[in-house]
Amino acid sequence: MNKEIPKFHETFNPILEILSNGETIHTRDLQKLVIERYFSDLTEIQLLEKTKSGENLVNNRIAWGKSYLKKGGYIFYPERGNVKITEKGLKQKSQLSLKNVVEDSGIVNFYSDENSKSNTEKVEIKEIINSSPQDLIDSGFSQIEREVKNDLLDKLKTIDPYYFEKVILILLKKMGYGEFIETSKSGDGGIDGIINEDKLGLDKIYIQAKRFSENKVREKDIRNFIGAMSGDTNKGVFVTTSLFDAGAIEKAKNAHHKIILLDGNKLVDLMHEFNVGIQIKATYEVKQLDEDFFEEQ
């Protein structure tokens, strides 16, 4: 079983142990040593994971661990980009907990009046105290994103089926494909739209869109879609607001045509990514100290 990416406070002791020789070390080297010595069993995917703002997540956690240790007086920055342990840090022989650092740093005392708090409040406190500010930001954005996608999927299931077809064509256009053609609403042979794979229209992709509330797309639907595709293309996209059953997935996989299946979850992921059917409500700026501004010229 793979090890989880460490919480920011789980980097406290690795950081102090690496600095315990009293030498000054550059932040980048510190991050590298922490990962190599203590979290080498992380997978390549975990090591490449990023925060919502695009920073490397593991390095971000180490950076917040370093920041808290500095606030607690365990390390200091002798010069820009470098870290060194303090006398207090050298005297720290036992395992350092988050509670120790929080109490030493002057950060809000999350443990005051603990007996008066409800169980729910205590759980929320533990979640907050075990998260770095970056983790809390990412968690908040993820929660909002999940809610927006759920609302988006619910809305798609209630709109006019013909408009749903148009939404899919608009999405593909936003994704960089060429112009699209809406087919006739009667006698279209199971094809809801045709979109150019490239902007010059050299290759075409046939589209089938099924706005289902509950029913799954079945093998017969995929078979009919393949049968409706004319000889001028072998590429198709079948989109639904629901799911594909095992037979449908197997039929698309084994077809001589190239059939891409987009279920409701994949559909709203793409609509969210390309801002189709949603709008940006607010933009927040996260600022940090500009060390270069204060560097001596």
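Here are the numbers for the structure shown:
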quantity: All positions within region 255-270 that are open to solvent by 70 Å² or more (accessible area, probe 1.4 Å) and farther than 12 Å from LEU152 by Cβ; calculated: HIS256, LYS258, ILE260, LYS266
quantity: Some residue of region 11-21 being touching a residue at least 12 places away in the same chain (Cβ under 8 Å) and under 24 Å from the mean Cα position of the chain (by Cα); calculated: yes
quantity: Qualifying position, being of a type in the set (A, V, I, L, M, F, W, C), within 29 Å of the chain's Cα centre (by Cα) and modelled with pLDDT of 85 or more, among LEU136, LEU96, LEU47; calculated: LEU47
quantity: Those helices (runs of 4 or more DSSP H) lying entirely in region 1-101 with at least 1 residues open to solvent by less than 20 Å² (accessible area, probe 1.4 Å) and under 21 Å from PRO133 (Cβ atoms); calculated: 12-19, 27-38, 57-71
quantity: Of residues in region 1-24 being of a type in the set (Val, Ile, Thr) and under 23 Å from LEU98 (Cα atoms), the one modelled with the lowest pLDDT; calculated: ILE5
quantity: Hits in region 217-258 (condition: of a type in the set (A, V, I, L, M) and either closer than 19 Å to TYR162 by Cα or out of contact with any Phe, Trp or Tyr (no Cβ under 6 Å at 6 or more places or on another chain) (or both)); calculated: VAL217, ILE222, ILE226, ALA228, VAL237, VAL239, LEU243, ALA246, ALA248, ILE249, ALA252, ALA255
quantity: Hits in region 160-182 - residues which are open to solvent by 30 Å² or more (accessible area, probe 1.4 Å) and not in a helix (DSSP H, G or I); calculated: ASP160, MET175, GLY176, TYR177, GLU179, PHE180, ILE181, GLU182
quantity: Long-range neighbours under 9 Å by Cβ, at least six apart or interchain, first residue over 26 Å from GLU197 (Cα atoms) within region 145-171, second hydroxyl-bearing (Ser, Thr, Tyr) and surrounded by fewer than 13 Cβ atoms within 10 Å (Cβ to Cβ); calculated: LYS157/SER213; THR158/SER213
quantity: Selection status of VAL286, touching a helix residue (DSSP H, G or I) at 6+ places or on another chain (Cβ under 9 Å) and open to solvent by 50 Å² or more (accessible area, probe 1.4 Å); calculated: yes
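The values are calculated or read from the model by the stated rules, or taken from the named source; none is laboratory data. Nothing here was measured: the structure is a model prediction, and the numbers come from that model. Neighbour counts are summed over all protein chains in view; Cβ atoms, including those assigned to glycine, are modelled from backbone coordinates with ideal geometry. What goes into the accessible areas is simple: the full protein's heavy atoms, side chains included, and nothing from ligands, DNA or RNA. Shrake-Rupley method; radii C 1.70, N 1.55, O 1.52, S 1.80 Å.
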